[in-house]
1. Please give me the summed charge of the neighbours of PRO41: other residues whose Cβ is under 14 Å from its Cβ, Lys and Arg +1, Asp and Glu -1.
2. Averaged per residue, what accessible area in Å² does the chain show with a 1.4 Å probe, protein chains only?
3. With each run of n ≥ 4 DSSP H residues scored as -39500 (n - 2.57), what mean residue ellipticity at 222 nm is computed for the chain after dividing by its residue count and rounding to the nearest 500 deg cm²/dmol?
4. Considering Cα pairs under 8 angstrom that are at least six residues apart, work out the relative contact order of the chain and quote it in whole percent.
5. If you place +1 on the Cβ of every Lys and Arg and -1 on the Cβ of every Asp and Glu, how big does the dipole about the Cα centre of the chain come out, in debye to the nearest 20?
6. Compute the length gained on full extension between GLU78 and ARG12: take 0.36 nm times their separation in residues and subtract their Cα-Cα distance, giving the result in nm to one decimal.
7. Nearest 10 degrees, 0 to 90: what angle lies between the long axis of helix 43-53 and the longest principal axis of the chain (Cα atoms)?
8. Once both axes come from the Cα atoms, what is the angle between helix 76-95 and the longest principal axis of the chain, in degrees from 0 to 90, rounded to 10?
Amino acid sequence: MIGDTIRVLRERAGYSQAELARKLAVTRSSVNAWESGLSAPTAVYIIEMAKLFHVSSDFILGLDDTPQVSLAGLSDREIHLLYELLDCFHAADGEA
């Protein structure tokens, strides 16, 4: 369900419903309605959330269950740091 996906992404990002609402310029009750399945976000808001959470809009819509991180909009330095972090995870997996 799209509402569950939005809630999980929001919580993983550390946002309250009010914080997500501010970032999207909607009301907190709109975010609450999306998460509880009372309404669904428009395509514009799905795209904005995909950018905000660095996932595909297909992931938010439940069309693709493979979480992918989008690097779009990140600086070269931020991308480099992410790759370094992934290298650390891979090295830690090898030690286990």
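1. Surrounding charge for PRO41 is +2.
2. Working: 6410 Å² over 96 residues.
Roughly 67 Å² per residue, with all protein chains present.
3. -20500 deg cm²/dmol
4. 23
5. 620
6. 21.9 nm
7. 30
8. It is inclined by approximately 70 degrees.
The values are calculated or read from the model by the stated rules, or taken from the named source; none is laboratory data. Note that the structure is a prediction, hence the values are computed from the model and not measured. Backbone-built Cβ (ideal geometry, glycine too); neighbour counts: all protein chains shown. Note: accessible area is taken over every heavy atom of the protein model, side chains too, but ligands, DNA and RNA are not part of it. Shrake-Rupley method; radii C 1.70, N 1.55, O 1.52, S 1.80 Å.
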